[in-house]
Amino acid sequence: MKFLAAPARFLLESLPGLARGLFWIVFIAWAVATATFVLMKAIPGGPLSNERKVPESVQKAIEERYHLNDPTLVQYKNYILDAARLDFGLSFIDPGWTVGEIIRQRFPRSALLGAVALLFSIGMAFPLGMGAHGLWWGMAVGLTVTGSLLAVRFVVLTARMAENDKSLAT
């Protein structure tokens, strides 16, 4: 039984740090969600303002369905509770799909893209950064690496936007 004492002690000593980390994860998620809600409320227009003109009765029905007529505090409470349940509602862009379904469908490609971008940036940044450290051409290398990463991101995002446009047209 003595061999179990060290792992148990380690676990008990780690709990405060794990609890602190979990608290900060929840706090930052709440802060980002709150900031997003406040900023979305601060901008003019709404989720339906760029769409074609619809009859007033249809507009009212849509606003009622998405609770856009509720008081702001009620909308905030519903927003936070839905986000805590990972329920992001129906998509305004892809009718008939929930946001969760869209995330589940596109997450594998997005995760792969993120992993490739991370490996690419690490593969370029470390050797070039070590070679350029303290040298006059270090700034040029840094700008080149940053520019190449931005170019890759621009090309990939443009391709994804074009792909989304094609899937919406069909």
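Observations, loosely collected:
- Across segment 76-102, the number of residues qualifying as part of a helix (DSSP H, G or I) and touching a residue at least 12 places away in the same chain (Cβ under 8 Å) comes to 5.
- Top-ranked residue of segment 131-170 - restricted to ones that are among the hydroxyl-bearing types (Ser, Thr, Tyr) and assigned to a helix (DSSP H, G or I), ranked as modelled with the lowest pLDDT: Ser167
- Hits in segment 64-86 (condition: within 14 Å of Ala33 (Cβ to Cβ) and surrounded by 12 or more Cβ atoms within 10 Å (Cβ to Cβ)): Gln75, Tyr76, Lys77, Asn78, Tyr79, Ile80, Asp82, Ala83, Ala84
- Flag for Ala61 being closer than 30 Å to Ser148 by Cα and not in a loop (DSSP other than H, G, I, E, B): no
The values are calculated or read from the model by the stated rules, or taken from the named source; none is laboratory data. These numbers come from a predicted model, not from an experiment. Note that we place each Cβ from the backbone using ideal geometry, even for glycine, and neighbour counts take in every protein chain shown.
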